[in-house]
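Below: the structure, in structure tokens.
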Amino acid sequence: MKYAFAILLCIHGIIHLMGFAKAFYLTDIQQQILGISKPIGFLWLVTFILFIVTAIQFLTYKKWFYLAHIVVAVSQILIIMAWKDARFGTILNFIILVVSIASLSTYRFHAMIDNESTQILYNATRSTHNNISKKNFKDLPEIVKKWMQNSGGTDHIKVSSVRLKQQGEMRMKPTSKWMSFKADQYFDVTHASFVWKTHVHENHVVNMVGRDKLVNGEGAMLIKLFGMFPVINASKNYQINSGAMIRYLAETCWFPSATLHDYITWEGIDDTSARATFKQNNLSVSGVFSFNTEGDLVSFKAERYYGGSEDAKLENWYVEMVSYKTFHGIRIPNKSKVTWQLENTDFHWLTIEITDLDYNPIQLFQ
């Protein structure tokens, strides 16, 4: 699809050469564009060049949409001046304009999220507060201590920020098709915050961009079709706030030293499971971490609101760890399956893999 659109830009540009050719008598075109002066003919040539440059920018991921807006405007003016013979070029200009507006909207969406992510890392690196107490480790349930030691978390307790890359598949409903996605995520471990940015590909034509975040105890979820049309836009309610907190609690498995912070308290259940409670801004959520006898984390389970509306119901939200990998000396679950355990069915909606991870980064992924 990408190359098809680039070819369309080039073909549309080449068609503009006919106006230049007529003005300068370079060829005999049967369906001639009448009354084109040499200055106007030169403008047709310039438009051809601009369309080719736009195609190159599009293929090289440059900010092609700004030039596209300009060249479409110039092209349409020329088409109007030669409307009888060139009117069908309006269709191509319309297609190019729609795609360029969608690309510009997506670019601005990502720029907004990058600003939020930069703030996450800034807050983490600038903070001098460390709410990890020396007594915290000895007060952990034995199985959690074993997990911390087995993962290498006790050797890396000064993790203040995290950045990671993900890939996987998701679906919106039990009957929906799987959609592939890639995502970047940034954590401020000191202040228990995160920003998650994703690009979801449903097929070669339709795609969505999304952001999920937890900042200062408030969650927000925004998903847009083509970067323009909101599919989900939920924030500033109890359901979204608690859901974002539960997500953060589950994802501390990627930076285990977070479990030593004062905002998380632990209660042993049995030899292989423990309940963690996460408190922030007068809101409290909890979930059960389960382990095998070697101290590997095998699952996380919590009650979470199924949806972000005020009438959403609590359902079991279950994360199963599939495999493990070591990043910078810390062994974490790098592949996981996430399932809503609904009343009548288990809805496996997400499969996720960590492909890259850095502790205490100072900048965003490039």
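The values are calculated or read from the model by the stated rules, or taken from the named source; none is laboratory data. Treat the numbers as computed from the prediction; the structure is a model and nothing was measured. A quick note on method: Cβ atoms are made from the backbone with ideal geometry, for glycine too, and the neighbour counts reach across all protein chains shown. Heads up: the accessible areas ignore ligands, DNA and RNA and are worked out on the full protein's heavy atoms, side chains in. Shrake-Rupley method; radii C 1.70, N 1.55, O 1.52, S 1.80 Å.
Observations on the structure shown:
- Of the accessible area of the stretch 242-366, computed with a 1.4 Å probe over protein heavy atoms only, carbon and sulfur atoms account for 43 percent.
- q = 0.19 Å⁻¹, the stretch 160-272: log10 I(q)/I(0) [Debye, one scatterer per Cα]: -1.07
- Legend: Rg and Dmax of the stretch 315-366, from Cα coordinates, 14.6, 46 Å.
- Computed from Cα positions, the angle between helix 89-126 and the longest principal axis of the chain comes to roughly 30 degrees.
- Helix 38-59 vs. the chain, principal-axis angle (Cα, 0 to 90°, nearest 10): 20 degrees
- Here the stretch 32-101 has 78 percent of its accessible surface on carbon and sulfur atoms, given a 1.4 Å probe and all protein chains in place.
- At the residue level, residue 43 shows approximately 70 square angstrom of accessible surface with a 1.4 angstrom probe and all protein chains present.
- Legend: residues 10, 253, sorted from most to least accessible area (1.4 Å probe; ligands, DNA and RNA excluded), read 10, 253.
- Radius of gyration (Cα atoms) of the stretch 175-241, expressed as a multiple of 2.2 N^0.38 Å: 1.22.
- Rg over Rh for the stretch 220-289 works out to 1.10, using Cα positions for both radii and the Kirkwood form for Rh.
- Among the trypsin sites (Lys or Arg not before Pro) in the stretch 142-180, those placed in a DSSP loop whose Cβ has at most 16 other Cβ atoms within 10 Å are 158, 171, 177.
- At 1.002 mPa s and 20 °C, Stokes D of the chain from Kirkwood alpha-carbon radius, µm² per second: 91 µm²/s
- In the chain, helical runs assigned H by DSSP with n ≥ 4 each contribute -39500 (n - 2.57); averaged across all residues and rounded to the nearest 500, the mean residue ellipticity at 222 nm is -11500 deg cm²/dmol.
- Residue 292 versus residue 236: modelled label distance in nm, points set 7 Å from Cα along the beta carbon direction: 4.7 nm
- Taking the C-alpha atoms of the stretch 213-355, convex hull volume expressed per residue in Å³: 145 Å³
- Probe 1.4 Å, accessible area per residue of the stretch 225-366, Å²: 47 Å²
- Taking GluC sites (Glu not before Pro) in DSSP loop states with no more than 13 other Cβ atoms inside 10 Å as exposed sites, the chain has its longest site-free stretch at 1-293.
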